[in-house]
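Trainee: Below you'll find the structure I mean.
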Amino acid sequence: MAVFTLPPPLFGFFRENIEYLSDRAVDPDKLAHVIEGEAERHFIDIDHYGEYPFKEMPRRWEEAAGKYSADTLMKYGVLPWHIDRMVIRLSEAFADKDKEKILRLSAHLGHYVADACTPLHTTKHYNGIRPEQRGIHSLWESRLPELFAEEYSYFAGRADYTGNTLDMAWELIEESHSMVNTIFSCYNSIYFSFPEDRIFSHEIRGRAAEREFSREFCKAIHECMEGMIEERMLRAVKVTGDLWFTAWIMGGQPDL
């Protein structure tokens, strides 16, 4: 959907390669357990740094590493800095008119932007605090979108130039992190008020029956969060388009 935010100088090239972009957007997850250092690019446990971490954490890598050490930053995730780095790499690919690299980096950048728009990628409690919350991560980012994403609106308008891509990345993290407590609150209120035998069900996937959160339980959670997932998905669409467009401007606006 981010392709459709782009202006005419970019739209034709990206539209022609939309299937490639969609297919390759999952590559970073496939590489997370293969390439050393890749997994840390998908999250930041910002709550490791205190109760009000955004006042404590410097945004620039050099300052953050000076305060906490590079090893600590790597251990607890480097997502916002990696988004900024990816925009720079993409701008260099645009400057070189390297179409293969442009497409690959664009697809991967979209993945990291989506990670930054996912609240549970910003907390050390990414898969729950207590045992009964295990599975909340895949519930939020997989099960609920599978059930309800066709109902969402993805009209994000036109892509805009982003003057400071690092600030944009941090803005996404701060927005997402502000929603973590709402997710846990909704989950707890529904889980402990729901009939125990109706929280889970079995559904056929391929040839196997898999245990899933029931559709009834998912609907209750989804309604409690009042459009949160739709809003974060739309935000991911818009910012992905913004950063593609920004990298193209930074790369000299080449004719593709």
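Only the coordinates and a few stated rules stand behind these numbers; no lab work does. A quick note: this is a predicted structure, and the numbers were derived from the prediction, not measured. As a convention, Cβ positions derive from the backbone with ideal geometry for all residues, glycine included, and neighbour counts pool all protein chains shown.
Trainee: Mind checking which helices in the chain clear 24 Å along their axis (Cα) and have mean Kyte-Doolittle hydropathy of 0.0 or more, DSSP H runs only?
Mentor: 79-96, 228-250
Trainee: Please identify the longest segment of the chain free of exposed trypsin sites (Lys or Arg not before Pro), where exposed means a DSSP state other than H, G, I, E or B and no more than 12 other Cβ atoms within 10 Å.
Mentor: No qualifying site falls inside 61-133, the longest such stretch.
Trainee: With each run of n ≥ 4 DSSP H residues scored as -39500 (n - 2.57), what mean residue ellipticity at 222 nm is computed for the chain after dividing by its residue count and rounding to the nearest 500 deg cm²/dmol?
Mentor: -16000 deg cm²/dmol
Trainee: The stretch 1-133: D in µm²/s via Stokes-Einstein (Kirkwood Rh, Cα pairs, 10 °C, 1.306 mPa s)?
Mentor: Value of D from the Cα-based Kirkwood radius: 97 µm²/s.
Trainee: Ok, one more. What Kirkwood hydrodynamic radius, in Å, does the stretch 84-179 give when the mean of 1/r is taken over all pairs of distinct Cα atoms and then inverted?
Mentor: For the stretch 84-179, the Kirkwood estimate is 15.6 Å.
Trainee: If you don't mind, there's one more thing I want to ask. In whole Å, how far is the Cα centre of the stretch 197-256 from that of the stretch 39-96?
Mentor: The distance from the Cα centre of the stretch 197-256 to that of the stretch 39-96 comes to 23 Å.
Trainee: Please compute, for the alpha-carbon atoms of the stretch 166-256, the extent along each of the three principal axes and give them in descending order in Å.
Mentor: Taking max minus min along each principal axis of the Cα atoms, the stretch 166-256 gives 59, 36, 16 Å.
Trainee: Then there is this: Place a label point 7 angstrom from the Cα of residue 96 along the Cα-to-Cβ direction, then list the residues of the stretch 210-254 whose backbone nitrogen is under 20 Å away.
Mentor: In the stretch 210-254, the label zone of residue 96 (backbone N under 20 Å from the point 7 Å along Cα→Cβ) covers 244-254.
Trainee: Further question: Using Cα pairs closer than 8 Å and at least 6 residues apart in sequence, work out the relative contact order for the stretch 74-174, in percent.
Mentor: Normalised by residue count, the contact order of the stretch 74-174 is 36 percent.
Trainee: Across the chain, where is the longest run that never hits GluC sites (Glu not before Pro) in a DSSP loop with at most 11 other C-beta atoms within 10 Å?
Mentor: That would be 52-225.
Trainee: Shape verdict for the stretch 1-43, please, from the Cα gyration tensor: rounded (a/c under 1.5), prolate (a/b greater than b/c) or oblate.
Mentor: Verdict is prolate for the stretch 1-43.
Trainee: Let me ask you something else. Can you compute the radius of gyration and Dmax for the chain, using only the Cα atoms, both in Å?
Mentor: So, for the chain, Rg and Dmax equal 19.1, 59 Å respectively.
Trainee: On to the next question. Under 4.7 Å Cβ to Cβ, no partner at all: give me those cysteines from the chain, in residue order.
Mentor: Taking the Cβ cut-off of 4.7 Å, the unpaired cysteines of the chain are 117, 218.
Trainee: Determine, for the chain, the count of lysine pairs separated by eight or more sequence positions (or lying on different chains) whose alpha-carbon distance falls under 21 Å.
Mentor: Count of close lysine pairs: 8.
Trainee: Across the stretch 1-74, what fraction of all alpha-carbon pairs, as a whole percent, falls in each successive 5 Å bin from zero upward?
Mentor: Pairs per bin, as whole percents: 3, 13, 15, 14, 10, 13, 14, 12, 6, 0.
Trainee: Hey, if you put +1 on the Cβ of every Lys and Arg and -1 on every Asp and Glu Cβ in the chain, which of 116, 33, 191 ends up farthest toward the positive end of that dipole?
Mentor: 33
Trainee: Then there's this: Dipole magnitude of the stretch 44-136 about its Cα centre, charges +1 at Lys/Arg Cβ and -1 at Asp/Glu Cβ only, in debye to the nearest 20?
Mentor: With only Lys, Arg, Asp and Glu charged at Cβ, the dipole is about 160 debye.
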